[in-house]
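Structure first, commentary second.
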Amino acid sequence: MAVTEDAAEIAGELAHLRRAIHAEPEIGLHLPLTQEKILAALDGLPLEITLGSALSSVTAVLHGAVPGDGEGGTVKREGGGGRGAVGGGPVVLLRADMDALPVTERTGLDFASRIDGAMHACGHDLHSAMLVGAARLLSERQADLPGSVVFMFQPGEEGCGGAKFMIEEGVLDAAGQRAATAYALHVASAELRAGVFSTREGPMMAAAEALDITVHGRGGHGSQPHHAADPIPVACEIVTALQVLVTRTFDIFDPVVITVGSFHAGTTNNVIPDEARLQVTIRSFSAASRALAREAAVRLVHDTASAHGLTATAEFEGSYPVTVNDDREARFAAEVVADLLGGDRFWPQPHPMAGAEDFSFVLDQVPGAFIMLGACPPPVDPATAPFNHSAFAVFDDTVLADGAALFTELAVRRLSRQSHG
Ligand SMILES: [Zn+2]
Ligand SMILES: [Zn+2]
């Protein structure tokens, strides 16, 4: 039977799983309840499963049928490691992230979050369900698979760099050899019509840096600034100078965004504080602009403070590189969508998105593609619907079957392409 028909048959179960994950969202690297639900949904499939050590990840490996390979149920192993002992042929990695956001849900859905202050506002609940669907569909096709598939269920995408930890624990080599290709799907609650897939060649998502700045002054009486060293005007100058930096230093066709999202100093009107703190995000779309932005922002902070006789510290608190699609894999994904579901289900993404993704760490090492999937529930207009991360963001279950089918078809065709040269 066709992949899309098989996927449609399990659509109800995938929606059920997605709603269960949605109702009990977990944030960060440790998601025991989510991990448990995914393991239960994979139970009985012919997979080799490894649980993460540094995070509650699930790595599941499906080896295609190779001569002499016995029958096998689910094999579970504890700890990082993750090197398969059997299998031949190339390896495709499929990734879903599993974590939620610190948002209080306001959708009013009957399966809305039951956990205060946590919500699947980025749709990672759908990603997990779609990847479970792909694991089921590909398990049914195990005998015809000329290679192996790694299913990467990853916690901590939202700012924790979970992908990096999974790479350190061996996910890229989990099938016994390095994955040849990696794909990830990401749903969008706005901008794309439900069921429309989208990707592009080259940069797909921005690099993101979190920069923490502290301007160190010397506090005093608000009436006698000459006896103090006021950090507030210096911090204000840094905010303005960062915006000037953006407009004067970077090519407008290789853009950079700098936003000061947090500015804290002082306690009352007549006291000069000791310090001012700024929290900044920097977005860029090429390795060159990224390096320049990092270096120039830090220099500007130090030199502006020094110009006024103060000092400042500027520290990067974690960052994600540019998510860069492999040109050939992006074109391949577009072809597979069109073949599987029709040409009107693919929209070529005209420019990269300014969000960031830790799938970038995977694509830094393995060629692949990051693919968006519209999940705005009709008849809501995608142009005005609340976007991912909003407390009102709603993602439509009806895209789950096609997401699982696309993951499946990408793996099947990619493995055959590789094994036939
Ligand atoms: Zn997100
Ligand atoms: Zn996300």
Just how many % of Cα pairs in region 216-321 lie over 23 Å apart, if you round to the nearest whole percent?
32 percent
By count of other Cβ within 10 Å, fewest leading, how are VAL366, VAL215 ordered?
VAL366, VAL215
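Kirkwood Rh, the chain, all Cα pairs: how many Å?
Hydrodynamic radius (Kirkwood, Cα pairs) of the chain is 22.8 Å.
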Cβ-based charge dipole, region 1-61, positive-most Cα from THR50, PRO25, THR4:
PRO25
In a solvent-free Debye calculation with one equal scatterer on each Cα, what is log10 I(q)/I(0) for region 17-69 at q = 0.13 Å⁻¹, listed in the order of the q values?
-0.39
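Based only on Cα atoms, what mean projected area does the convex hull of region 365-421 have, in nm²? Kindly include the intermediate steps, with their values, before the conclusion.
Values: hull surface 23.3 nm².
Mean projected area of the Cα convex hull: 5.8 nm².
First select every other residue whose beta carbon is under 15 angstrom from the beta carbon of ASP212; then total the charges, Lys and Arg +1, Asp and Glu -1.
Values: positive: ARG277, ARG294; negative: GLU209, GLU275, GLU315, GLU317.
It works out to a net charge of -2.
Determine, from the Cβ-Cβ distance of GLU315 and THR384 and an R0 of 22 Å, the FRET efficiency 1/(1 + (r/R0)^6), rounded to the nearest 0.05.
That gives a FRET efficiency of 0.05.
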Dimensionless Rg over Rh [region 106-225; C-alpha; Kirkwood]
1.14
Rounding to the nearest 10 and keeping the result within 0 to 90°, find how far the Cα-based axis of helix 231-249 lies from the longest principal axis of the chain.
50 degrees
Per residue and in Å³, how big is the convex hull formed by the alpha-carbon atoms of region 287-415?
167 Å³
Toy charge model, Lys and Arg Cβ at +1, Asp and Glu Cβ at -1: region 243-313 dipole around Cα centroid in debye, rounded to 20, equals 140 debye
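Any idea what the relative contact order of region 83-194 is, in percent, if you count C-alpha pairs under 8 Å spaced at least 6 apart?
Working: 174 pairs, mean separation 50.2, N = 112.
Reported as a whole number, the value is 45 percent.
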Cα lying deepest toward the dipole's positive end in region 274-373, options LEU340, SER289, GLY368, charges on Cβ:
SER289
Taking a label point 7 Å from the Cα of LEU33 along the Cα→Cβ vector, which residues of region 109-125 have an amide N closer than 15 Å to it?
111-121, 125
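Using only alpha carbon pairs under 8 Å that are at least six residues apart, calculate the relative contact order of region 349-421 and give it in whole percent.
RCO, region 349-421: 21 percent.
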Computed over region 161-233: relative contact order in percent, which uses C-alpha pairs under 8 Å that are six or more apart:
14 percent
Starting from 0.36 nm per residue, how many nanometres of slack lie between THR4 and ASN269 once their C-alpha separation is accounted for?
88.9 nm
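How big is the dipole moment of the chain about its Cα centre under a simple scheme where the beta carbon of each Lys and Arg is +1, that of each Asp and Glu is -1, and everything else is neutral? Debye, nearest 20, please.
Working: 28 positive and 53 negative charges, 113 e Å.
Result for the chain is approximately 540 debye, rounded to the nearest 20.
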Between region 1-55 and region 309-330, the alpha-carbon center distance in angstrom:
31 Å
Residue among CYS160, ALA241, ALA228 farthest towards the positive dipole end of region 126-270, charges placed on Cβ
CYS160
What's the angle, to the nearest 10 degrees (0 to 90), between helix 400-419's Cα axis and the longest principal axis of the chain?
70 degrees
Given only helices, namely DSSP H runs of n ≥ 4 each adding -39500 (n - 2.57), what is the per-residue ellipticity at 222 nm of the chain, to the nearest 500 deg cm²/dmol?
-10500 deg cm²/dmol
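Treating only the Cβ atoms of Lys and Arg (+1) and Asp and Glu (-1) as charged, compute the dipole magnitude of region 307-409 about its Cα centre; round to the nearest 20 debye. Walk me through the intermediate numbers first.
On the way: 3 positive and 16 negative charges, 40 e Å.
So the dipole magnitude of region 307-409 works out to roughly 200 debye.
Just so you know, all these numbers are worked out from the coordinates, no wet-lab data involved. This one's a predicted model, so the numbers in the text were calculated from it and none came from an experiment. Because the Cβ atoms are built from the backbone with ideal geometry, glycine has one as well, and the counts that use them run over all protein chains shown.
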